[in-house]
Amino acid sequence: MNKLLTELKKEARNLAAALPTPQFYRDAETQLEFSHGMFFDHPLVIRLQEDVLPFLYDEYAHGIYHSKKVAIEAGAIVLKDGDHLSPDTVRELVLLAQFCGLLHDSCRLDEDHALHGAETSRVILNQYPLSERSKDLIAKSIARHEAFKPASPIIDDPELELLSGALYDADKFRWGPDNFSTTLWEICDYEDWSLQEIIEKFPKGLDMIKSIESTFRTNTGKKYGPEMIDQGMTIGSKIYKRLIELSESPKYSTYKKQNPIV
């Protein structure tokens, strides 16, 4: 990543740090604590963390850090929204939600990454002591997690509805402040985009993030997701303004002369 983008990344992180903690993290503190404990203590989750590492893309911002956050928060969403199910079922779904979070981006760079990720999950979990029903729930949830692609309706399967919704919403929470403090810059670095290319792509990216606001699926996602998206938009709009300012500054003109490929 060149020095100019490194400066912008630092600015974005400072902007994110200055925003209030999203309400989800305050209201779901108990659920997050339980899910966090399971993520680091459950032997199957620990095993999967090791098994899934070769399939993740840290350099593309969809590695273990992203997957861990999705896994833990998907588990917390299951706990918050699962009061219509038995306690044993909810606990099992928290475990499956963490499996979903770890596995959902195992084929992130593929064109149909959700469907391919679902197929890959079945291969990875083949030797795990899970029921076929559990493996099926995980695969179907992963297949449904991609944004902007229609998903078939879920009929009379509250477990799949909750699990797939929790995975989708926890993944889309990342489109808030995380997008501009981490994800964007790692993708820019991976794609080797110039400052001008980033500026050209930025408005479309902001529109995509804004459109996520109305797509959350669980009650928890619908309640707390829009705040995270709004925070992401706040940071993104300020960073876009800074990108424009930077592209027009003498500092950037000098930098381009010294680095003609930028």
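Across the range 148-183, the qualifying residues are those that are open to solvent by less than 20 Å² (accessible area, probe 1.4 Å) and not in a helix (DSSP H, G or I), and the one among them that is nearest to V70 (Cα to Cα) is R174. Filtering R13, R26, R91, R47 for residues that are of a type in the set (D, E, K, R), closer than 30 Å to P250 by Cα and part of a helix (DSSP H, G or I) leaves a single hit, R13. Taken over the range 71-105, the residue count meeting the criterion of being under 29 Å from D58 (Cα atoms) and touching a Ser or Thr at 6+ places or on another chain (Cβ under 9 Å) is 22. Applying the condition of being more than 19 Å from T21 (Cα to Cα) and touching a helix residue (DSSP H, G or I) at 6+ places or on another chain (Cβ under 8 Å) to the range 238-250 and asking which residue is surrounded by the fewest Cβ atoms within 10 Å (Cβ to Cβ) yields I244.
In the range 98-117, the count of residues that are among the small types (G, A, S), over 21 Å from F39 (Cβ atoms) and open to solvent by 10 Å² or more (accessible area, probe 1.4 Å) is zero.
If I filter the range 51-64 for residues that are open to solvent by less than 20 Å² (accessible area, probe 1.4 Å), over 17 Å from the mean Cα position of the chain (by Cα) and modelled with pLDDT of 95 or more, do I get at least one hit? No: zero hits. Among the residues of the range 129-151, those identified as out of contact with any Ser or Thr (no Cβ under 9 Å at 6 or more places or on another chain) and not polar (S, T, N, Q) are P129, L130, E132, R133, D136, E146, K149, P150. Summed over the range 126-147, the residues that are in contact (Cβ under 8 Å) with a residue 60 or more places away in the chain and either surrounded by 20 or more Cβ atoms within 10 Å (Cβ to Cβ) or of a type outside the set (A, V, I, L, M) (or both) give a count of 2. With respect to the conditions (1) farther than 22 Å from Y25 by Cα; (2) free of Cβ contacts under 8 Å to residues at least 60 places away in the same chain, L85 falls short on a single one, namely (2).
Restricting the range 199-224 to residues that are in contact with a helix residue (DSSP H, G or I) (Cβ under 7 Å, 6 or more places away or on another chain), free of Cβ contacts under 8 Å to residues at least 60 places away in the same chain and assigned to a helix (DSSP H, G or I), the residue that is farthest from E11 (Cα to Cα) is K210.
Based on what the data block shows, is D83 assigned to a loop (DSSP other than H, G, I, E, B), open to solvent by 10 Å² or more (accessible area, probe 1.4 Å) and either under 15 Å from E161 (Cα atoms) or β-branched (V, I, T) (or both)? Criteria met by D83.
The values are calculated or read from the model by the stated rules, or taken from the named source; none is laboratory data. This is a predicted model, so every value here is computed, not measured. A quick note on method: Cβ atoms are made from the backbone with ideal geometry, for glycine too, and the neighbour counts reach across all protein chains shown. Remember, those area values only see protein heavy atoms, side chains included, never the ligands or the DNA or RNA. Shrake-Rupley method; radii C 1.70, N 1.55, O 1.52, S 1.80 Å.
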